[in-house]
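**Student:** Quick one: the structure is below, questions incoming.
The values are calculated or read from the model by the stated rules, or taken from the named source; none is laboratory data. No experiment lies behind these values; they were computed from the predicted model shown. Every residue, glycine among them, receives a Cβ derived from its backbone with ideal geometry; neighbour counts consider all protein chains shown. These accessible areas exclude ligands, DNA and RNA; they are computed on the full protein's heavy atoms, side chains included. Shrake-Rupley method; radii C 1.70, N 1.55, O 1.52, S 1.80 Å.
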Amino acid sequence: MLNIPSQGALDFLSLGALVHRLDPGIVPFRKANECRIHVSGGEFNVSANLSDCFRMNTAVASAMVNYPIGDLIAERVRAMGVKPIYKRFEHNGVTGPNMATVYSDQGLGVRAPVVFYNRCNEAAAQLKPGDFDWKTIFGSGVRWFHSGGIFSALSKTTPELVIEGMKAAKAAGAVTSFDLNFRAKLWQISGGLETAQATLRKICEHVDVLVGNEEDLQKGLGLTGQDVEAASKLDPAAFFGMMGDVVKQLPNVKIVATTLREVHTTNRHDWSAVCWIEGKTYQAPTCALDVYDRVGGGDGFAAGFFYGLLTGRPPEDAIRLGWAHGALLTTFPGDTTMATVDQVEAFAKGGSARIQR
């Protein structure tokens, strides 16, 4: 189904923005007096998860600003075992350029988490074609290249850089993937829905593996489908029903995958995952999640799913690995994994929460 190179200096390379997330826990920001700092980024998180949990050789291509917040982020990238490939920027001491800030409390019970951003004068938004030496990067061997819709929404130049990276990856024989990660707040600033759809469709012409739910496909790509609010969030019918449109309009896409999540309260979810692989459909089991911090769960799913494909596992195993890792990630604070591959494998096979002695 995918012609994944068997070897390479890097198993996985992501292109995207690095950010730091301020997290006051269950306290809303208007009443907060302290925060945890999590290093994140929709594209980086997948590289970090594949490295730290699944022990794969990964890298991230991104912007880095030479000032203390940049130093903090760079240290966390190293701690996750991810190779940095940076376009560096100097901070002027006042207005930037900056490493973006994401503000996200955790909510509790009937109170949902609230997420907002400060991406003013963000260094990653200034990235453009020509900023990375793709010939050298891919020359040492890269098996898989990944980017996403969050990075693509930052400016007029970031989508062109994604396409440049995708073309270089394809020329080098790497598999390409893209997480639609449609964020209305970001695209509203970057030109609105029409711009989002035109931009993401252009990128997806170069993609082998697409991650996104039916809402991402409808809003991000403008594909037709049923009302996403009309049925249970655990019913994959709306998602699978759109695959004919995907095949027709994006014939290069071989695999589409997504999580399924029914939110009962902030801390109680039902969780599953599905994928479509060249005409065949696969679904993971459904489990009840007691959620500690939901941010990053989708990236956790993507990492586990990609790991299954990169290691040659059958589709049934790959979707369960993604489902299991995404579920486990919601039990940790922060956006990136604290799970071990043994925990993921055990849960994917039907493991329980019995104490491990």
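**Student:** Please identify the pairs in which a residue from the stretch 70-82 that is closer than 18 Å to Met338 by Cα has its Cβ atom under 6 Å from the Cβ atom of a residue that is surrounded by 22 or more Cβ atoms within 10 Å (Cβ to Cβ) and polar (S, T, N, Q), counting only partners at least 6 apart or on another chain.
**Tutor:** Here the result reads Met80/Ser51; Gly81/Ser51; Val82/Ser47; Val82/Ser51; Val82/Thr58, each pair linking the stretch 70-82 to a residue that is surrounded by 22 or more Cβ atoms within 10 Å (Cβ to Cβ) and polar (S, T, N, Q).
**Student:** With Arg320, Arg268 as the choices, which residue is open to solvent by 10 Å² or more (accessible area, probe 1.4 Å) and farther than 17 Å from Thr340 by Cα?
**Tutor:** So the residue among Arg320, Arg268 that is open to solvent by 10 Å² or more (accessible area, probe 1.4 Å) and farther than 17 Å from Thr340 by Cα is Arg268.
**Student:** Have a look at Asp290, Asp317 and point out the one that is acidic (Asp, Glu) and under 20 Å from Leu108 (Cα atoms).
**Tutor:** From the options Asp290, Asp317, the qualifying one is Asp290.
**Student:** Out of the stretch 100-122, which residues are under 18 Å from Val39 (Cα atoms) and open to solvent by less than 30 Å² (accessible area, probe 1.4 Å)?
**Tutor:** Within the stretch 100-122, Ala100, Thr101, Val102, Ser104, Asp105, Gln106, Glu122 meet the criteria.
**Student:** Among the numbered conditions (1) within 16 Å of Ser155 (Cβ to Cβ); (2) open to solvent by 60 Å² or more (accessible area, probe 1.4 Å), tell me where Pro97 comes up short.
**Tutor:** (2)
**Student:** When the residues of the stretch 168-219 are filtered to those that are hydroxyl-bearing (Ser, Thr, Tyr) and over 13 Å from Ala153 (Cβ atoms), which remaining residue is surrounded by the most Cβ atoms within 10 Å (Cβ to Cβ)?
**Tutor:** It comes out as Ser177.
**Student:** Condition first: over 18 Å from Met56 (Cβ atoms) and without any contact (Cβ under 8 Å) to a residue 40 or more places away in the chain. Now tell me which residues in the stretch 173-192 satisfy that.
**Tutor:** If the condition is that a residue be over 18 Å from Met56 (Cβ atoms) and without any contact (Cβ under 8 Å) to a residue 40 or more places away in the chain, then Phe178, Phe182, Arg183, Ala184, Trp187, Gln188, Ile189, Ser190, Gly191, Gly192 are the ones that fit.
**Student:** Now for a separate question. Out of all the residues in the stretch 139-160, which are closer than 22 Å to Asn118 by Cα, crowded, with 22+ Cβ neighbours inside 10 Å and either of a type in the set (Phe, Trp, Tyr) or in contact with a Pro (Cβ under 8 Å, 6 or more places away or on another chain) (or both)?
**Tutor:** Phe151, Ser152
**Student:** Here are some conditions: (1) open to solvent by 40 Å² or more (accessible area, probe 1.4 Å); (2) within 24 Å of Ser40 (Cβ to Cβ); (3) part of a loop (DSSP other than H, G, I, E, B). Val263 meets all but one. Which one does it not meet?
**Tutor:** With (1) open to solvent by 40 Å² or more (accessible area, probe 1.4 Å); (2) within 24 Å of Ser40 (Cβ to Cβ); (3) part of a loop (DSSP other than H, G, I, E, B) applied to Val263, the lone miss is (3).
**Student:** Okay, moving on. Looking only at the stretch 174-191, decide whether some residue is of a type in the set (Val, Ile, Thr) and modelled with pLDDT under 95.
**Tutor:** Yes - at least one qualifying residue is present in the stretch 174-191.
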